[in-house]
Every structure is written in structure tokens, then in C-alpha cells.
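Below: one structure, written as C-alpha cells.
The values are calculated or read from the model by the stated rules, or taken from the named source; none is laboratory data. Keep in mind that what you see is a predicted model, and the values were worked out from it rather than measured. Neighbour counts are summed over all protein chains in view; Cβ atoms, including those assigned to glycine, are modelled from backbone coordinates with ideal geometry. Protein only, heavy atoms only, side chains kept; ligands, DNA and RNA dropped before computing areas. Shrake-Rupley method; radii C 1.70, N 1.55, O 1.52, S 1.80 Å.
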Amino acid sequence: MAAMDRRRRVIIEGVKPEIDCGRFPIKRTTGESVRVEADIFADGHDAVSAVLLHKREGGDWVESPMMPLVNDRWEGEFTVQQMGRYFYTIEGWVDSFKTWRRDMVKRVQAGQDVTVDLLTGAKLLDECTGRATGDPAAQLAQWAGELRGDGSLESRSELSLREDVAAVASLYPDRRLATRYAKELVVVVDRPKARFGAWYELFPRSWGEPGKHGTFRDVAAHLDYVASMGFDVLYLPPIHPIGDAFRKGPNNSVTANPGDAGSPWAIGSEEGGHKSIHPQLGTMEDFEYLVSEANRRGMEVALDIAYQCSPDHPYVKEHPDWFRRRPDGSIQYAENPPKKYQDIYPIEFESEDWRALWDELKSVMTFWIGKRIHIFRVDNPHTKAFPFWEWAIGEIKKDYPDTIFLAEAFTRPKVMYQLAKAGFSQSYTYFTWRNTKEEIVEYFTTLTTTGVRDFLRPNLWPNTPDILPEYLQFGGRPAFITRLVLAATLGASYGIYGPAFELSDNTPRQPGSEEYLNSEKYEIKQWNLQDPWSLHDLIARVNAARRENPALHSDRSLRFHPVDNEKLICYSKTDQESGNVILVVANLDPNYTHAGWLQLDLKAIGLDADHPFQVHDLLGDSRHLWTGSRNYVQLDPKLLPVHLFRLRRKVRTERDFDYFL
């Protein structure tokens, strides 16, 4: 190390956020801030200064000051305005002028003779003058002259302590021996929909006339139904040709009858593969029409990316080395013992021809991006190679930074975390199985208050075509309502598989199973969208509340509040900029009425304990006036098992007229 380097006295460590020692980027969306903390200190008693540096990829560094917290901990902040990649790091230095002024304050207050100290200050201002230009340089030079001039000791001492002198001098510090943090950390910035969105999943083949295979045009004719519930992402399972070999019948039976539709995840036939459309769904022109009509209603279409093939997929004949062979020479089909999926061949990511394979799989996504698809839900990404995802997502986001990737990975926590670090914009979660208050509080505290929040964005689903949770099976309509509101408010992004959800379909294939009876994965269904018991209108109110309340657009402000009943859960979200506050109270027992006392942390949500505030239930439309932190609630699941409150502060005008903000 050079001699000059050895004189750099400032230590910078404990930087947060920093994922795996800087190996992976953190995530933000446009308009969000990046708050950075670090331990910054030096030997001895000299004062230290530090700045946070950031830049957009290809741009110049921009500095913002860091401020001390406690115990040598510092913080700084910057805002990301554009999609793409940003970099950030920290620089700190021993600040001679700050040290001098700090000590001058103490000396003057103690009544000491500061004659020589004023000359030291003048010298430091001279050095600042040499680093400044224009008016600041002239002003600094004038102050330096006054400190060493003929004025009274009292007037010169007063000048040395002036805030404006310190403010200008701080702009021109001596940073020749500044320490630069050894790493340039990365932020991947997505568009806001990566943070906030409402997804609706449907199988297009079930939206046609009774007895007929549905088409894209049929779905387009029903878009007003989906849009009226307030969803902004329409997610379609695989839309590709379905193989005939080993096609599955109803309820995943191993034998299909003539005319059975098969599983959309058994991709590929003589009609084509991952870049083709199932002919019974329509043409590419029909698909593009659906995308346009969805866009016209404020919705984007998300497609399923499932990197697997039916035995009839063109890849199987054209690239047999992209699949794993068994000792008898046959291709290994998918298995999760004792389950067997003979209609699906997994792709071998360790193939000797892996470069061509990876290029082809990446080209599948760019093909659909060319059809105006910029959101992908990726099926079982944890069964594919991590390095592939890091490479493919990174390459695609270079050219298409607005692309969003949702990882459908119900797997081990560390595997889910690795996928998020590798580039997935959002992730499925364990919310589907978190039912008790203790489970929910523990899980979401981890997601929103630990380092996980800097790289994993949760997308909450109360049901999927694969999963009918036990809570929904036995809780009836109140259970569907509770899980809907929890998903839509605990998470800024959530989704439902419909119409199974709004119609409260809760019949399992068999006791103890989470599979639906007569699952839509294997057959065409007919749904009664006019069912008077549909949750359509309630879902619309929930999604309207989400749109209209910025507190629900993010997860970082989530805070749980104590309730003296274990069957009741209470939490809030706040938006500091607008002052918007949402409070949710839910009865987790779908069968019985429960009551309890809430203990609200009013300071945390920006309310004054000495002033009343209004709670407006955005679902039931009732209004109540509460005072103080302790308040009583009672929820009957047969009426409405959840309160979705918007809190408003009471304000009195000069004319003694009360209103609520």
C-alpha cells in the first residue's frame, strides 16, 4: 500500500443496505428513496464528515451529505428517478475545519484566550479559499482576513462561531486523504408496478360459450368484468399448444379421454412450442387484440413462462440433448416422488449444449416482449439453474428495463431469497399458509423490517390453481373475505385465481388435499359470473381502497398493533408524504364473533393521543370517532369479518368548524 494510502484515517464499515457483501443489488422502484447507513469513524478526537455518492449507470457521481446518528452510525439518502441500474458508495474524511470550530465553541464558552486559535481558523479558511471559486472564494478570503485582523477579540470570536461561515466552509473541505468505501453497490430500479399491483388469473379456455373451448376473443369480451373489480394485471397460464402424449385427464388422471383438454403446462405439440399459440385459443392477431383491449382498460397482460416440454414439443426432436436421459435411453419425465408427471419433460440446464439452450430460452421471453408482454409469471423457477436466471433476467433488463418477473416458487426460504437476489422482481410467499396471528406477525415482520425487504418483494395469493388452502376449505365465505383483505393490505402486490376465488370455490379433490376437485388445470370449467353470492363487488371495493390510499402502495410502513384477543389481528400502513393512514382489524376465526381492545401506537402512525380522530370503514362505510390509543372492536364473520379503516385527524378551523383530514 502506498504511503499516501496509509494516511487515510477514516474507517467505513457496516454499510446497509448491502446484500451478501455487495454480490447482489438491492431493489427500488422509480421515485423511491434509498436510505443508506454506515459506521464511519476515525482514530483520535478529530471530527469526521461523510457524503453519500450515487449515480445512474453511465452518469456522473452526485453527492448528498450524510448525517450522524449515534455511536458513529451515519445515514444518508438519495432518490432514484429512472428505471435501470444505479450505483452508490460512501466517502469520509477527517474534517479539520469542523474539528477546529467544534473546539472553538468549547473554548469560547470556557472563557479561554483564543488568539492563536483564531489564527488557526484563518489558515483553515485560506485553504478553503484555495478550493473555492467566484463569490464563495471571495467571501471565505474576507472572513479569513477578519479572523486575523485588527478587530476586537470578542468580534472575531463571534465571527468564528457564525453558522454561515461554517456552512460555506463545509462546501470546500480538504478531501485529499478521504476514504472511499471499497465497493460500488448497485440498485436495480423497476417501474412502480413491480411494487404495487393487483393480479387476476384466469384460464382463457374456460371463458367461452357452454360446451365450447374459449378463445382470446371470448376473454376480450369479458374484460369489463375483470376491470370492474379493479385489477390491473391479467395473468394467463400457458397459452401454447398442449401435447397429446401422456395427456392428463380430469383430476390429474393418467388417462385422458378423447376431447380432454389436458394441462396447459404440458407445452408443445405439432402446432409448435413456447413461441406458438394453442390453435383453439385463436391466432396471434387475436392475442394481440386481447392485449390491446386489456391495455385500453388500464390492465397489462402477464404471461406464464414454464420452461418444460411435453414429449411432443419440437425441442424434443430437434434438441434431444437438452433433456436428461435415463439408463434405458428414455427421456426422464418430471417427478416429485411419489407424484409422476409423464406429460412433462424437464429441461437439462447442465446440457453440453447449454449456451444454445440458454440463448433459446431467453429468446422465448424476448419474443413475447415483442408482442407487448412486459410481465412474466415464471413457473417453478427454483427447479431451474440460478445462474441462468441471473444471466437471462440481467440481459433482458438491459434492453427492456420495464420487464417484471414474478417467481412462482413455493420452496425453502433460502432458495426463494436466492431467486430474488438473482433478479426476480417479485416472489410468491408463504402467506397462503400463514393463518394465525402469531404466524402472520412473525412472517411479515421478517419481510418488512429485516434486510430481506431490500431484495424480495412479496406478491400475496390466497389461492392458486395448484393450492386450495385448508383455511378456505373450511371457513366458508367469511374465510375468503378475510384472506382477500389480508392479501390486499398486508402486501402492496397481491393476486387471486378467479373466478374460483370470487365464487368461493372450496371443494378439495379429497380430504387432506389442497388440490381443487375437478381442477381447471385439467379441464374446461363453466363459471356463473352472475352468482348473487359472488365477492365481485367486495373485491371492487377493496381494490378501489388500494388505489385511493397511497399507504397501501408500499410494504415498508407495515406496523402491527397489540390486541387482547388472539383471534383478532390489527396493523397499519402510513404514507408520510400524504399523511394517509390505513388501519386493518381482522377476525381470523371465520366461524365465531370476536371482540377485543386495540392498543394503537398513535405516534408511529402520526396521530395525537390528545385529539380525536375518525375511523372510516371503507368496506362497510361506517364511521366512528375514536380518542386515545385504546379502542374496542367487535367483528361478526357472518356480517363482515374485517374492518378496513381510513384514519382522519380532527381539525378545528378559526370559526370553530370541525372537519377531518
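Some notes on this structure:
- Computed lengthening from residue 533 to residue 411, 0.36 nm per intervening residue step minus Cα-Cα distance: 40.5 nm
- In this simple spin-label model, placing a label point 7 Å from the Cα along the Cα-to-Cβ direction at both residue 20 and residue 119 gives a separation of 6.0 nm.
- Counting heavy atoms of the protein chains alone, residue 131 has an accessible area of about 90 Å² for a 1.4 Å probe.
- Equivalent ellipsoid semi-axes - Cα gyration tensor, segment 223-330, angstrom: 31, 16, 12
- Dividing the Cα radius of gyration of segment 302-350 by its Kirkwood radius returns 0.98 for Rg/Rh.
- FRET efficiency, 1/(1 + (r/R0)^6) with R0 41 Å, evaluated for residue 616 and residue 82 via beta carbons: 0.65
- Once the Cα-Cα distance is subtracted from the 0.36 nm per residue extended length, the residue 547 to residue 254 segment shows a gain of 101.0 nm.
- Percent RCO, i.e. relative contact order, over the chain, from Cα pairs under 8 Å lying at least 6 residues apart: 10 percent
- Label separation (residue 67 vs residue 161): 2.3 nm, computed from points 7 Å beyond Cα along the C-beta direction.
- Per-residue accessible area (protein heavy atoms, 1.4 Å probe) orders 316, 70, 378 as 70, 316, 378, starting from the largest.
- Among beta bridges that DSSP assigns inside the chain, antiparallel share in %, nearest 5: 75 percent
- For segment 353-395, trypsin sites (Lys or Arg not before Pro) are listed when DSSP marks them as loop and at most 16 other Cβ atoms sit within 10 Å of their Cβ; the list is 371, 372.
- Residue 643 - accessible surface, heavy atoms, 1.4 Å probe, Å² rounded to 10: 30 Å²
- Treating each Cα of segment 130-269 as one equal point scatterer and applying the Debye formula with no solvent, the log10 of I(q)/I(0) at q = 0.10 Å⁻¹ comes out as -0.62.
- Among the trypsin sites (Lys or Arg not before Pro) found in segment 144-203, those both in a DSSP coil and sparsely packed, with 12 or fewer other Cβ atoms within 10 Å of their Cβ, are 162, 176.
- Cα gyration tensor, segment 525-578 - rounded (a/c under 1.5), prolate or oblate: oblate
- Directionally averaged shadow of segment 195-264, computed from the convex hull of its alpha-carbon atoms, nm²: 6.1 nm²
- With R₀ set to 30 Å, the beta-carbon distance separating residue 433 from residue 564 gives a calculated FRET efficiency near 0.70.
- Between the beta carbons of residue 336 and residue 138, assuming R0 = 60 Å, the FRET efficiency works out to 0.20 to the nearest 0.05.
- Between segment 45-117 and segment 498-574, the Cα center-to-center distance that results, in Å: 48 Å
- In range of the label at residue 371: residues from segment 317-355 whose backbone nitrogen is under 18 Å from the point 7 Å along Cα→Cβ: none
- Largest accessible area first, the residues 516, 345 order themselves as 345, 516 under a 1.4 Å probe with ligands, DNA and RNA left out.
- Three-way shape call for segment 418-474 based on the alpha-carbon gyration tensor, with the a/c threshold at 1.5: oblate
- Distance between the pseudo-spin-label points of residue 362 and residue 328 (7 Å out from Cα toward the beta carbon): 3.8 nm.
- Counting only heavy atoms of the protein chains and using a 1.4 Å probe, residue 647 has close to 10 Å² of accessible surface.
- Only beta bridges with both residues in segment 191-311 are counted; by DSSP, about 30 percent of them are antiparallel.
- What the Kirkwood sum gives for the chain is a hydrodynamic radius of 28.6 Å, with every pair of different alpha carbons counted.
- Between the C-alpha center of segment 403-457 and that of segment 582-649 there is a gap of 27 Å.
- Listed residues 564, 150, 610, 343 arranged by accessible area, highest first, probe 1.4 Å: 150, 610, 564, 343
- Percent of alpha-carbon pairs separated by more than 14 Å within segment 361-416: 55 percent
- Each helix, a run of at least 4 DSSP H residues, gives -39500 (n - 2.57); summed and divided by the residues of the chain, these come to -8500 deg cm²/dmol at 222 nm.
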